[in-house]
Structure formats: structure tokens, C-alpha cells
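As C-alpha cells, the structure follows; a few thoughts come after it.
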Amino acid sequence: MKGFRRWMLLAMSLTLGVVLAAGCGKKPQVVTETPPPQTEVQPEPSAPVEPTPAPAPTIDYADLAPGEYGIEDVFFAYDVSTLTEAAMAVLDKNARIMNEHPQVNYLVEGHCDERGTIEYNLALGEKRAKSVVNYLVSLGVAPARLRVVSYGEEHPFTQGHDESAWAANRRAHFAKP
Amino acid sequence: MRRISPAISHAALALVPIALLLCTQAHAQSDVVLQAEQTATRKLDIRVDRVAAPAGGAAAAADLVGRVIVADLRNSGFFRVGGALAGEGEDLPFSFAITGELAGDPPATGGGGAPSLTLRLQAMPGGEMVLGKRYAPASGQLRATAHHFVDEIVRLLTGESGVNLTRIVFSRGQGDRRDLWVVDYDGENLARLTANRTLNLCPSWSPDGQHIAFTSYAAGQQGVFLLETKSGKVRRVIAAAGLNLGPVWHPQQQELLLSLSKDGDPEIYRIDLQGRVLRRLTMSPAIEIGPDWSPNGRDLVFTSDRTGSPQLYVMDGDGAARSRLTYEGEYNDAGVWSPNGEQVAYVTRIGNRTFLVLISSGGENRRLLTDESWRHAEDPSWAPDGRHLVFSSDRSGVFKLYVLDVVDGTWRQLTAGREEDITPSWSR
């Protein structure tokens, strides 16, 4: 079947080519030809004659941002540092990934929305980061792998003065230490 | 009032008046102070005349002196200012007038002749001289000279220390970079103090103006650092694990009060300038931050959320005798004790806005100092006169610094620009 369809297509295109060529032949015209743009000519990459097996990729996860291999930030409700059900579900997954890469350390950054005072938000940010660390430790992540820093409201992820911006900024963010 | 080390900006302040002219202060002073006391809430009408000077560079210098005097008098809150330089009519029944002359080569021209600036305060309508000063200002000292003269006037007429030679240090920047900057009390001589590409926050002047303590992320985590104002040198005091937050100076001793979370949650500590803990003052599973000494160095106000929301408390310097200061509102923080010890200014959050509040140190007479128009009003710091607060507000869309007169409610914008200015500290 496949061979037949290919043959048919070839036959049809040949026929079309003959028809077009015949049409041109009847009335010769002066045709201004535009040379094809040079840039379209791309050298074909030469295929390896003997494909050697590529070396197994060695990814150093410590060089990657944690977000690049599935570790996600968690978000908090207004003015609290307790973990929501959704946050715990994310941390369950994060802990599994972290335990697959026991040589990698993490910086857990605590962040707040802009409402409230500078110092209190720095304290609240730390409290959030520490509640994340405590939960991860309870899931078997070694405490020595997790360092905490609070940026309070100083380092917002989203600019803006509405609930969507605030919600995006109330988070614990995972970074390279 | 102690003066600030001159080295940060070029305005050196060797302001010893070289002669006191025809001093009639002895009897005039008591009368005048009495008069000022009677009009504590009413402003004194004062006329500022042009400072006389020969034409040329001296005229420009004399004009500068006059304008600084007008601004200082207005900023003090005690005066209504008239006269040609104030842009107001001369028909007020002035109580006082300021006159003066600039002679010799003005400092700006770098000429060889010794400049001499004579300034007088005269009681009106008679014109008797109440205060007379002759200065020999060096290059770059004209502003400081005018500031000094108005400080003398304020002290003479009101009995209060002037703030014209004080400065404000603050944090300016955006995102993960904020640097410390310093500016004169009137918004002049803005200068940057740090450039370390990280977050520098919560600066606090030492009482003698020689050092600024601040929180910085210079080592990737918070630490407390000390900047020597004369040399610009910075050294680390402490970088304990966790928060090293909001250092403030003891009013008399060489030690800092701050919040450390090295043992879990933030607690308040007294440390020496080498970072050694002198005393831990709080011990609770709550957030305890934002301490500030009373001016006598015996008690301190601080924030704790031990009840579930941040509130202000007072305790003594050993951590004993705690009492709660604020009950109204669900979020009270950033308490700062007024220089006379009678009041505490702080920040309260109502809805999504923050407001400045004033309360007596006994917890009575609570009143809001700012309204909705200020959007978020935060980070109050007292001027040494106990009358003015510098604070941050995003009323313009971006946080800038403002100075509020808590007696008459007038205010002025201190800093401008697109970057955020926060956590100011007013020098003593």
C-alpha cells in the first residue's frame, strides 16, 4: 500500500511538471528572474558516518536552578507562615526530588508581600522559610542541605499593588545556595 | 545636640563664631524666651532681609545665605517668615528681623581676602539687636554657617535645640540592591555611602554621629555592619545565622540593640561593638523585633507577636518589667521613642494601608499622624528636636522620604527620584 501511494504521488507530480513545462513552451516571455536569496542556502549538516554512542549526560544538579528540574516554590496565605495543603503537596514532591540528589544543597528564601513593615516582614519571611525547611526535614532532607535567608518584602517577584501580585510575592523560593 | 562628623560631605563645620557682636543677650534673652513660650503653638513672625554684599560672586554667596536662613526658619516650625527673600510682603507686624553683611572675598571665588559674614537677629519694631554673630566661613561652609546661625536663633527664642546641622541616613534602591545614602536635614548634599551590590537596610546613627550601624546582606546572609563616617570604612560586627536585624545604638553606651534569630525565632539582644552578646532580653517562641531605647537608656520599646499579632511592648534594659503599650489595632510595629521620652511614634496597619501613630509612653492619647493620602507611611525616625519625624511613604507611587511636623501637621518631601528610599535614621 505504502509503495503504491508513493508511486502515485510521483506519477502525479511528474504529470504536473510536464503540463507546466508544455505551457511555458508555447509562449516564450522575457522573465525577470530574481536570484534566490543567498541566506536560504544552508549547508547540510553532515551526518555522522558512523554514529558513535554519545557519552551519558552528566548533569550536575548543583549547577542548575532548582526550578529547572522540578523543584517548585510554595506560597502562603496573608500574614502567616503555616503551610497550606497545596504547599505541603508541592513540598512532598520537592522532597522526593531532593532526596534523589542528596549531594545538592539549597537556599530557601522567605518572601512577603509589600503590606506591613520592613522589619516585621523580614522576620515573617524567615519564619516562612523555616517552616518550609522544617517540613522538608520531616520528609528526610538533611538539615545541613538547607540554608535559610529572608528578604521580607525587599525582593518582590511581581510588581504591583493588588491581591494577585501580593499572592505571588508571599512565597518560599528555592535557589542555589 | 551633637553635630555630625563633617567628613561625609564637603561641608566642613568649623563653625566657631569669631566674635560676638555687641551682645545684648543678657536681658533680652529671658524676655524673648518668655514671649516664645506664650506663643508655643502660634508662629513667630520674622523678616529676613537680603544679606548685603558687594556685587559679583559675593552677591550670589550672600543670596545663598539668605535663602538657607529662610528655609531653616520655615522648616523649624516656629516661624512665619517674611521679607524679600521669603517672597512675602513686608507688612506683617514682625516680631524679629534678620540682617547681615558679607564682606571680603566670598569663599566661592577662592580669593585671598578673608571673608567675613555678619548676621544679626533684631527685635522689632525697635530694631535692638538680640543676637549677633560674625563668622569667617571657609570654602563650602556658607550653608553650614547659615544653618548654625538659625540653630542659635531657635535655641535663643524657643529653648529647643535646632536641627539645621543634622543629617538623615537611609536606604535607597530597588530589588536586591539598596545602598546607604546620606542627606542634610533639608535635602541638600546627598551622598552615597555604600556600593557593595547587595541589600543594605535599617541604618542607625551613633549618638556622636561618628558611626552608622546597619543590616546588610554583604556576605549572602544578613549581618550587622559598622560604617565609620569619617573614613567611610565598613566592618562587620556580627553575622549570626538567621536575622541580624535593625541595630540601634544605646543613647549613652557603646553598644547595639538588635534582633537575632540564631536560636530559632527572632529575639532581642544587646551586643557590644565587637559582636559579643551582652544580654539576651527576650525568650519566647514569638517574633520579637524593632527595639528602640528610651532617651535615658533605661527602658526600651519593641515589637512582639506573642499574642498572634505584632504589638508594641516596653521592658527595661535587663528584659524585666514588661508591659504592653498598644492595644488598638491588629498590627503595630516600628516604635521609636521621642527624644524627650514622653511619646512613642510607630506604624499601624489598617486594611492594606500603613499609618504613623503617636502615643504617650504610658499608652494614652493615641492619634494617627497620617491619613489615607499617604498610602503606606512607615519607618518613622525622630529628629532631635522631638517635633519632626522623617518617614517613608509611597504616596507618589514610589517610596520617598518625608518630614512631618507632629505639632502643626505640616510636611515636606525630603528626597526625590525614581528609586525607593526607605528606613531613614535622623542623626542626633
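What to note about this one:
- Given (1) without any contact (Cβ under 8 Å) to a residue 40 or more places away in the chain; (2) open to solvent by 10 Å² or more (accessible area, probe 1.4 Å), index of the condition B:Q210 fails: (1)
- Only one entry in B:Y331, B:Y327 is within 14 Å of chain A (Cβ to nearest Cβ) and surrounded by fewer than 21 Cβ atoms within 10 Å (Cβ to Cβ), namely B:Y331.
- B:D371 being of a type in the set (D, E) and either within 22 Å of B:P247 (Cβ to Cβ) or surrounded by 20 or more Cβ atoms within 10 Å (Cβ to Cβ) (or both): no
- Taken across region A:82-95, residues that are within 10 Å of chain B (Cβ to nearest Cβ), within 23 Å of B:E330 (Cα to Cα) and in contact (Cβ under 8 Å) with a residue 40 or more places away in the chain do not occur at all.
- Subset tally (residues that are surrounded by fewer than 24 Cβ atoms within 10 Å (Cβ to Cβ) and either in contact (Cβ under 8 Å) with a residue 60 or more places away in the chain or more than 9 Å from chain B (Cβ to nearest Cβ) (or both)) for region A:107-120: 2
- Which numbered condition A:A56 misses (of (1) at pLDDT 95 or above; (2) open to solvent by 60 Å² or more (accessible area, probe 1.4 Å); (3) not in a helix (DSSP H, G or I)): (1)
- Any hit, region A:151-170, residues being crowded, with 20+ Cβ neighbours inside 10 Å, touching a strand residue (DSSP E or B) at 6+ places or on another chain (Cβ under 8 Å) and over 23 Å from B:V398 (Cα atoms): no
- The lone exception for A:A123 - which of (1) touching a helix residue (DSSP H, G or I) at 6+ places or on another chain (Cβ under 7 Å); (2) at pLDDT 95 or above; (3) at the interface with chain B (Cβ under 9 Å from one of its Cβ atoms) it fails: (1)
- Selection status of B:L257, within 12 Å of chain A (Cβ to nearest Cβ) and within 26 Å of the chain's Cα centre (by Cα): no
- The set of residues from region B:73-88 being open to solvent by less than 10 Å² (accessible area, probe 1.4 Å) and farther than 19 Å from B:R155 by Cβ comprises B:G82, B:G83.
- Unique match (being open to solvent by less than 50 Å² (accessible area, probe 1.4 Å), over 19 Å from B:G246 (Cβ atoms) and not charged (D, E, K, R)) among A:A123, A:A142, A:A129, A:A86: A:A142
- When the residues of region B:218-238 are filtered to those that are outside any strand (DSSP E or B) and free of Cβ contacts under 8 Å to residues at least 24 places away in the same chain, the one that is nearest to B:V182 (Cα to Cα) is B:K233.
- Unmet criterion (only one of (1) without any contact (Cβ under 8 Å) to a residue 40 or more places away in the chain; (2) part of a strand (DSSP E or B)) for B:P247: (1)
- Within region B:350-364, the only residue that satisfies the criterion of being open to solvent by 30 Å² or more (accessible area, probe 1.4 Å), under 18 Å from B:T303 (Cβ atoms) and within 14 Å of chain A (Cβ to nearest Cβ) is B:I350.
For every residue, the table says whether it meets (1) within 13 Å of chain A (Cβ to nearest Cβ); (2) closer than 27 Å to B:G329 by Cβ; (3) under 23 Å from the mean Cα position of the chain (by Cα); (4) open to solvent by 20 Å² or more (accessible area, probe 1.4 Å).
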| residue | (1), (2), (3), (4) |
| --- | --- |
| B:E267 | yes, yes, no, no |
| B:R276 | no, no, no, yes |
| B:R279 | no, no, no, yes |
| B:M283 | no, yes, no, yes |
| B:G290 | yes, yes, yes, no |
| B:D299 | no, yes, yes, yes |
| B:D305 | yes, yes, no, no |
| B:P310 | yes, yes, no, no |
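- Residues of region B:316-337 that are over 25 Å from the mean Cα position of the chain (by Cα) and hydrophobic (A, V, I, L, M, F, W, C): B:A320, B:A321.
The values are calculated or read from the model by the stated rules, or taken from the named source; none is laboratory data. All values derive from a computational prediction rather than experimental measurement. So basically every Cβ, Gly included, is an ideal-geometry build from the backbone, and we count neighbours across all protein chains shown. Note: areas computed on protein heavy atoms with side chains; ligands, DNA, RNA excluded. Shrake-Rupley method; radii C 1.70, N 1.55, O 1.52, S 1.80 Å.
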